[in-house]
Structure formats: structure tokens, C-alpha cells
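Please treat every number below as a calculation from the coordinates, not as lab data. Owing to the predicted nature of the structure, the values given are computational and were not obtained by experimental measurement. In this analysis, Cβ positions are derived from the backbone assuming ideal geometry, glycine residues included, and neighbour counts consider all displayed protein chains.
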Amino acid sequence: MSSSTGKAGVIAAPDESTNMDKLAHAVLDDVLYNIVHDLLLKVHRDEKIARAATAAIRVEKLASDASESPEINPDVRIETDAATYEAGKVTLKGNPLKTTKEILCPRCHLPRLLYPTDGKGARKPDPTVIYCKKHPYIEKPGYDIYGQTWVAPGPGRGKKKKDMEKKLGDDSPGMTPTPDSKERPPNVLSFPSATCSKCKRCILVTRLNNHMGSCIGNSGRNASRAAAQKISNGGSNGNSQNNDNTPPSSQKGTPVPGSRAPSPRKRDADEMEDDYEESDPTNPKKKKLKPTALPKKVILKNKGQGPGPKKEKVKANSLLSGELKVSASPKLKNLEVPHKKSTSKIPSPAKKLKLGPQKPQLAAASPMPKANGREVDDVSESSGTLSSPPR
Amino acid sequence: MSARPTTPASPKNVKIKDPEAGTPVYGCEHVQRMFCQAQDVINTSIQHYKMILRSIFDNNTVVPQTSKAADGQPLTSLTSNYLCLQCPVTLTEEERTKHGKQKSHRFYVDSRSGSLYCQMCDDFVWDPTLEDLRVRKIGTGTFSSRKRKHEEMFSDPVKEDPRYISSNTTTASCRANGLRGIYNAGATCYQNVVLQSFLHNPMMRNFYLSDGHKRENCRQEGEYCLSCAMDDTFQEFYAAESTNGYTAANILSGFWISEKKAFENLVTTKEQDAHEFFQFLAEELHERNGDGKKPEIGSEHSCNCIIHQTFYGKLQSTTTCQHCGGVTNQVQSFLDLSLPLENLAQKKGKKSGAKAPALTLQECLEEEYIKSDKCEYRCHSCNSTQQARRQTSIKRLPNVLSIQLKRFEYKQGRHDKAAKIETQVQFPLQLNMLPYTNRARGQDTKDNYELARSCTYDLLSVIVHVGEIDTGHYVSYCRVGDQWFAFNDHRVELANKSDVLGAKAYLLFYIIRSLA
């Protein structure tokens, strides 16, 4: 053991070290080398396979263009700088890491965006290119992986009528942007509403649990009042006074989540009315549903506007229009709140995803998960990491 | 694998992977040249590659790490050696170049990863045929794919035809990747964290995305079904393009509608225990998909439903009478392993003198599943109550191992008050469960790589509770591929491994590495 360092040569023992010292330094250095080697090999594998696939996709596309039919003519021979298509087979020319510079998505065949659009390591994407929709994740404090952030949830119960009206004014026109939505950038989202499965009313998501508690479950005001009454009455029943005037003590016993500010006056109102308040206290029921359902649509629109020209271009592409439908339909289910039943009966195209190209993998693992589902997973997952920058 | 007879002279011809759209047939031009020769050249090359992979993954790692130095002395290295594909020799990186020049041998296998190195490209090459073998070897320990045979027998060849698939399906957008937050519907973060861990569990995902639970065939006609709600949720996560948070209204209402008596106290608008919700969800989904029997606590329950296949394992307790030496075994199913922290933390604290010693997950597991404890026991042969030693170990490991660290416990004493234990428990990204199984007992398992591999788990998700016992917040971390994500209700952020490992975990989910 004469060497004072390992393969990496980063951790070296001083010259006057004992042999044991030198050995320890060499071992640590080798271990460090191995860690870097393994990381590098993993990135190399992902990158090289993705580039090889890109070369293959390109040459296949040319071959299919040349054969002028949906089926590629096997007699066609096409050669690019990176690959050759011959006799129905794609073979590589040279090292794909050198010959191929960008990465095409193996599913949609569009180029992958290789850098996040915002936050750490961000770069401006080329506005003339339609990229695959799988983007590198954004790392920016205060924003999520899609660069989204949320408007601070309202003051809850204490929300003033003025605020509510302002919000409705912003949302109800739906298609045309209003001053308020201009102020709010498209990546700032507000909390959505959802439909209660029992009463079909539209409830702001943050209050959904409480609403369901009173609507479906029996933890609502009346239930707890009844329980409190039973307790306070003990065995003696028929105290009519309690039925009419709820004792203040039982009111306080209503389960109140932390977010709700205690406001005794409102609590006197019936729970039902509390929920109406969410939409608009003055309108009749049917009209109330619509405005609250719309905010989602606005969000949707805004998001579409985000990447700018991209979406329109994609729309023009006939290949992808089907894809857009998929994404739109499950959303509609949530959007068209009053017609929920009818929309849900239409088999969502998204459901068909189940039979998609992934099907053999997925199906294979499900009846017999003991098969090599893990491997399959590895393959699909590793391809997913391709475009994300190393962290 | 050493037990399997190797058949080098097998008349069976090895096949190169069929050409697939979107991938080249060979890893590089040089591999192509090798594979375009006579069939026997292909056969020997692939046989050699398999042999090398076996020697790397099935044996002591010292063997492939040892090469012969020029003076004939064995030289063991920590860094990679290269095993020649064309002749049985192990070389260091420097020797490799010399060997290539002398013998014109161009392909080498990395001794630590099994990857193929091409000297003409001067680069690692990921050949579809060979890489498939390597991934399979690492994943399952075997090269064969019994699965395929099963598939061929039972699948409809028409339906597997890619043309049939493409004409009858729409592909989900590339943006739909299953990463969405879930809005907090008012103190429902305890549900959100458990749902996220289900949504990023590959077994659950594959089950639901492959139509494992069909709404049309659902037995719960007219009635509300939580499994249908899960199905909808999976669709929303993996097929919809939305990146906004998800509103789990259908699951929440299913939760309110459910009439499970055991979880009655869960159904309130207050904050709840995520572990209880996990149990609730698992039992509910079992009832919707399984044999219809209620899972009994403390007994052996075998069922083929997705929940049992994913989460359930079996424990075996062995009680040995101290008087007559009689042994009784009892087997019971488990959904999760609950590990007490308090006693162990106190014990360790006394030993080391530290006030709040950090525990490791392995220490907690050892305490429960290796060490034995004393108990009173009614012995059949003695026909009286005797002192006995009881020892519990894992008889069958589940595919997804869920571990609860008991952070919320009733402190016995003056005021029977529940308290939160804030002890730090270190947990690994990779967990070897072999020592805690009954197979590890009385057997030398040190060199059994096959067995060790079948007991290796990878961390999948971590659920963390922040705050006090009465009020707090749940957040979770889930792994998708190699990337970790932090889920905080509707917010999804990237997470580092160190964020994950530094968390004060409450629930841990580990997934088995190989589904062999």
C-alpha cells in the first residue's frame, strides 16, 4: 500500500502518513469515486437511451413520410446522421450522445423542454417550438413544481359581502378577462368548489368536510345539539324549553375547525344558509350554482394562455386533438356541476387510457403482481426522469 | 441461481429483441456487427453475458472485484473492474485497454453494475437485448420471464396487437403524470397524505389503471363505492392534464357514507389520525375488491384482493414454555407493523446518557422481531400457567411494507394523557428485512444473495405529522422514479433525499425491490 490516494485522487493522505492512514484515505477516495461513477452512469444511461430513441423516432418519421401511407413501407431505406432505417429496422450510426442533440418524447414525438421555465436553473424556452407537455419541474420558493401558487384563502367565515361580489364579478363573465383576473397572473390559482354528492350543492373546497359532516354524516349542529340535549337532560325527557331555545353551551359544542372564526351571530342561522352564503346570499338557488362553478373555467383558460402560442399550435395538429379532448373531459365533469349525472355517464375518453400503449405493462402486473412489474416500472420511470435536470 | 443447471450447449437459439418502434435494434454499430453474425456467435455472446451477470449479482462481490495483476498476484479493487465478454478474464481499467489491443476483444462488463462497455465507442452501451437481461437480473434475480408464458396463454392476441390498441384508445397527455396536490377540505390533511401514498404506490396504480376495479362490474349497485371513487381519483391523476390540486369530494363523501363501526370516531370534522385512516381505507377497499370477508385482527386471513396482495403480510409468534420446553406457533396477518418508540428511547437514553437519543428503524425492528420477551402463558402440556418466552418474527413479507412509528401514545401514570413522542428515528432509503423474518433464524443467510434480494425494500413514501398531539398538520413525501416530492395538501414541491430522511416520520411505506 504505497499509494496515498484512490482512483478519484481527491482525498490524499499527507506524505508523512503511516501506511494505515494512506489506506484509509485511499479507501475513502475510492468510495467517493464509486458514488460519482454510479450517479454518472445512471444519468448516462437515461440520456443515451433517450437520445438513441430520438434518433430512431426521427428516422422512422422520415421513413413513414417517404412511404406515403400509414404503414411504413419496409423497402424504404432512409439514413440520417444518427441512424439508418432499413428493412424495417432502425440501427444507430455513431454515438447518439454525439449525433443527437435534443430529446424527443417517445410518446408524443415532440421535443422535450430540457430546462425549467422558472426558478432554479430556468431558461427561456424557444417560443417557436412546440414542446412536449412534460416539462422539467420548477424549483422556486413559494411555488409548486408547475410554477403555480395560490391566492391566500379568504378570511373564511368573516368574508365580507363586498369581497364576495368582487370575486363573482371577476368570475362570471367567464370568457372575457376582467380587471381582477388581469391583476392575477395565470399561475395564481384560487381554491375551487366541489359538489356535495348528497345535496348537489356547490361548496368551497375548504368547507367541504364540514358541509358533508352536516349533510351526510350526523355530526352537524342538530346532531350535536340533540346529543348535548340528551346529556344535559339526563333521563328526564320532555323539557320543551330546550327544544326551542338552544342553550348557549351546546352551541359552543358544535365542532368548529380551526379556520372558522367564532361568530355567534352567524352561527344562529341555520347551517343550510351558511352554505348558501358561499355563492350569493341574494340570488335564488339555481343562479347561485353557476357563478361558483365558473371560477374553475377561468383558471383553465388562464392556464391555457400560460405557454402562449403553444396551445393553439397543438390544437391545429390533428394528431393531438384527441389528446386535448382527453384532458378536457374529466375536467368538464367537475365544471358542469348541475349536469353531473349526465356527463359522468358518457364514457370518458380518459378511461380509455387504460388500454393505451402502456396497457401491456400495466395489465401484466395487475393480475399477477408477482410478475416483473417492478422492472417495467423501472423502465417507464427512468424514461420519465430524462428531461429533468440533475438535482 | 447457482442451483439452476446452466446449459451452454443448449440447442435453443437466443433471440435478439424484436425491433420496436421508437428504439434502435442494437445499442451501437459494434454490437450490431456482433449480433449480425452466425447464430452461434449470438448464442455464445449472450450466454457469456448472462454468466458474467450471474457472477456479479449472485456471488460474493469480491470475486468480480478481483483481477490478476501482471505478476500473477490477485488484486482486489474497490472501484470497477472489467470482465471481458469474449474470454474469462477480469481486468482493471488500465489492463482493459491493453487487453483490447492485444486480443481485439472489444466488449467488457462493468464489475459493479453489469453494464456493457464498448471499447470501439469508448463508451457504455445500452443495448436493448442485453440491457433487458441486466435489468431483469437485478430486478428479479432470474433471466426467464415466466410472466410472458402466462400472458401468452391467457391473453387475447388480438387485443394485444398494437394496432388494435392504438385504434381503440386515446393516449393520455404527457403532462398527466400523477403529480397533483389534494385540496384540504377542512382538516382533511390526514386523508390527503394517505391518499397520496396510495396514488404513488405502483401496485395500486397498476391495479386501478388496468381496470382492476370496473365501475360497470361493481357489485355496489346504486350504493356508494369507495373503490369506484379511488378509480376516479386515479383517472384524474394519471389521465387528466390538470396541474391544479384535486378535490377528493367523492372519497370524502364515501368516507362520510361508510358505516364502519370500528371507525365511527373517525367520521368527524376534527383532525384525525392518518394511521387510522390508512387502516380504514385499506379495509374498505378490501371489502369492495376482496373476498367480502372482514379482515380479522389476530388471525390468518388470506385473500387475493389488491389490498391483501399489496399490504398484508404474516407474523408468526412462537411461545416456548420455560417449564416443559413445549413450543406453540401462532400465525396472524398484518396490515402494518407498529413499532413502539418510548421504551426503547428510554433504554437507549439511560445507556448513552443522552437526553433525547436518536433511534434507528432497524433498532426498533430488532426490538420487536428479533428479541424475545417473557410472558405468562397457559401451557397445554404442563396444564398450568407458566412463564414462557415469546418471540415474534415475520413469516411472510408484504409487497408494500407499511410501518407505523408509535408517536402518539397514552402515557400510563397519574393522568392518562396521550402524548406525542418526538424521538428522532433514522430510517434508510433501502431496508433489508431478512433479519426480522423467521427464515433468518438458525440459518446462515450471510451468503444467500438470492434470499437477501427477496427481502430488500426501497422507501416509497413517508408521512410526517408536525405539531402537537391535539392539533397539527400532516405532510408527506412520495418517490416517483428516483425523484422525491413533498406533498402539502394542494401544494407539490420537489424534495431532496435529505429532506425526506431528515423528516420525523410517522408512517413509512417501503416497497419490495423485486417481485420475483
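Summing charges over all other residues whose Cβ lies under 15 Å from the Cβ of A:Val27, with Lys and Arg as +1 and Asp and Glu as -1, gives -1. Its relative contact order, with pairs defined as Cα atoms under 8 Å and 6+ residues apart, puts the stretch A:19-104 at 27 percent. Of the trypsin sites (Lys or Arg not before Pro) found in the stretch B:431-516, those in coil by DSSP whose Cβ has at most 14 other Cβ atoms within 10 Å are B:Arg441, B:Lys446. Listed by Cβ neighbour count within 10 Å, with the fewest neighbours leading, B:Val14, A:Val188, A:Val151 appear as A:Val151, A:Val188, B:Val14.
The magnitude of the dipole of the stretch B:29-140, with charges of +1 and -1 set on the Cβ of Lys/Arg and Asp/Glu and taken from the Cα centre, is near 240 debye. Taking 23 Å as the limit for the C-alpha separation, the pairs A:Lys101/B:Lys98; B:Lys406/B:Lys504; A:Lys89/B:Lys101; B:Lys371/B:Lys406; A:Lys42/A:Lys101 exceed it in the case of A:Lys101/B:Lys98; A:Lys89/B:Lys101. Each Lys and Arg contributes +1 and each Asp and Glu -1, all at the Cβ; summed about the Cα centre of the stretch A:19-104, the dipole is approximately 140 debye. Computed from the C-beta positions of A:Asp75 and B:Asp122, the FRET efficiency with R₀ = 30 Å rounds to 0.30. In this rough spin-label picture, where each label sits 7 Å from Cα along the Cβ direction, the B:Ser384-B:Asn496 distance is 6.4 nm. For the peptide A:132-143, the mean number of other protein chain Cβ atoms found within 10 angstrom of a residue's Cβ is 3. Test of understanding: extend the Cα→C-beta vector of B:Ala38 to 7 Å, then name every residue of the stretch B:82-96 with backbone N under 20 Å from that spot. Within reach of a label on B:Ala38, which here means backbone N under 20 Å from a point 7 Å along Cα→Cβ, the stretch B:82-96 contributes B:86-87.
Simple rule: put +1 on each Lys or Arg Cβ and -1 on each Asp or Glu Cβ in the stretch B:306-402, find the dipole, and look at B:Tyr377, B:Pro398, B:Phe311; the Cα lying farthest toward the positive end is B:Tyr377.
Label sites at B:Asn13 and B:Lys351, each approximated as a point 7 angstrom past Cα along Cα to Cβ, lie 6.3 nm apart. Taking other C-beta atoms within 10 angstrom as a stand-in for reagent exposure, B:Tyr474, B:Tyr312 fall in the order B:Tyr312, B:Tyr474, fewest first.
Assign one of three labels to the stretch B:29-140, namely rounded, prolate or oblate, based on the Cα gyration tensor with a ≥ b ≥ c the square roots of its eigenvalues; rounded applies when a/c is under 1.5, prolate when it is not and a/b is larger than b/c, and oblate otherwise. It is oblate, given that a/c is not under 1.5 and a/b is not larger than b/c.
Per-residue Cβ neighbour counts within 10 Å put B:Met433, A:Met20 in the sequence A:Met20, B:Met433, beginning with the fewest. The protection proxy used here, the mean number of other Cβ atoms lying within 10 Å of each residue, ranks peptides B:392-399, B:165-172 as follows, highest first: B:392-399, B:165-172. Estimated from the Cβ-Cβ distance and a Förster radius of 51 angstrom, the FRET efficiency linking B:Lys371 and B:Asp482 is about 0.90. Taking the Cβ of B:Cys118 as the centre, find all other residues whose Cβ is under 10 Å away and add up their charges (Lys, Arg: +1; Asp, Glu: -1). It works out to a net charge of -3. Note on chain B: with charges restricted to the Cβ of Lys and Arg (+1) and Asp and Glu (-1), its dipole about the Cα centre is near 1640 debye. Note on B:Thr328 and B:Asn448: their simple-model spin labels are 2.8 nm apart, each label 7 Å out from Cα toward Cβ. Helix-only arithmetic for chain B: the sum of -39500 (n - 2.57) across DSSP H runs with n ≥ 4, divided by the residue total, places the mean residue ellipticity at 222 nm at -9500 deg cm²/dmol.
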